[in-house]
1. Take I66 and decide whether it is more than 30 Å from A176 (Cβ to Cβ), free of Cβ contacts under 8 Å to residues at least 12 places away in the same chain and of a type outside the set (G, A, S).
2. Only one of V144, V184, V139 is touching a residue at least 60 places away in the same chain (Cβ under 8 Å) and in the same structural domain as F121 (by TED's automatic domain parsing); which?
3. Report every pair of residues separated by at least 6 positions or lying on different chains whose Cβ atoms are under 6 Å apart, first residue within region 24-49 and closer than 26 Å to P60 by Cα and surrounded by fewer than 10 Cβ atoms within 10 Å (Cβ to Cβ), second modelled with pLDDT under 75 and β-branched (V, I, T).
4. Restricting the search to region 97-136, which residues are aliphatic (A, V, I, L, M), under 21 Å from G154 (Cβ atoms) and either free of Cβ contacts under 8 Å to residues at least 60 places away in the same chain or out of contact with any strand residue (DSSP E or B) (no Cβ under 9 Å at 6 or more places or on another chain) (or both)?
Amino acid sequence: MNRTQKVLAVAIVVVAALHFVGVNDHRVRNFEVLPEMLTSIPYDAQAENENFPDGKTIQPPVPGTIARGFLPLSSRGLLLDTTREWKQLPAAQQDAWNALAAPAVPEQRSAAELSRGREVFQAICATCHGAGGAGDGPVTKRGVPPPPSLLLPGSAEKSDGHMFRIITVGQGNMAAHAAQVTRVDRWRAIRYVRTLQKR
């Protein structure tokens, strides 16, 4: 046994002995080495905060930050414009949106994908578009202007990419649904709408 091992062995014995010899009074709080680690100062979202130069708790995201699940859309080498109306888009942007296509689905997953598309449509879209896509959803009976039927040639002729854009950024009275419906679920809903259009 070398000298270092002997010193460590003695230290262990001393610490163990102190553990059993020391008086443990449960009525007295233990000594806190870093008390701020135990009780950190919470800030409400809208509260003032002296830790930041602007004095606000909520800080803007770092420039260039992309929220998870919200990567910018691109097609044909173009970053797709989600800020302007379809009619205001240059021809190159419209072509790029029209070329946007759903991810390929293996044959063994197609039934499950279609089933999920139906669920998404019934939960999100049918409120306005109706269960069959005819634009006769329950809200249209309570004063909301009915959307165009998804079964008419004008809707059926739209590319999948164009329909994806409408769901993503909205159109007319329809609000954007990018925050409510994930990208993959948007494609699934479009697949389901295509089955309605074929009936």
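The values are calculated or read from the model by the stated rules, or taken from the named source; none is laboratory data. Please read these numbers as outputs of a predicted model, since none were measured by experiment. Positions of Cβ are backbone-derived with ideal geometry, glycine not excepted, and every protein chain shown enters the neighbour counts.
1. On the way: more than 30 Å from A176 (Cβ to Cβ): no; free of Cβ contacts under 8 Å to residues at least 12 places away in the same chain: yes; of a type outside the set (G, A, S): yes.
So I66 fails the test.
2. Details: V144 fails: touching a residue at least 60 places away in the same chain (Cβ under 8 Å); V139 fails: touching a residue at least 60 places away in the same chain (Cβ under 8 Å).
Going through V144, V184, V139 in turn, just one is touching a residue at least 60 places away in the same chain (Cβ under 8 Å) and in the same structural domain as F121 (by TED's automatic domain parsing): V184.
3. As it stands, the answer is none, since no pair meets every condition given.
4. Going through region 97-136, the residues aliphatic (A, V, I, L, M) turn out to be 99-102, 104-105, 111-112, 114, 120, 123-124, 126, 131, 134.
Filter once more, keeping what is under 21 Å from G154 (Cβ atoms): 99-102, 126, 131, 134.
Those that are aliphatic (A, V, I, L, M), under 21 Å from G154 (Cβ atoms) and either free of Cβ contacts under 8 Å to residues at least 60 places away in the same chain or out of contact with any strand residue (DSSP E or B) (no Cβ under 9 Å at 6 or more places or on another chain) (or both): A102, A126, A131, A134.
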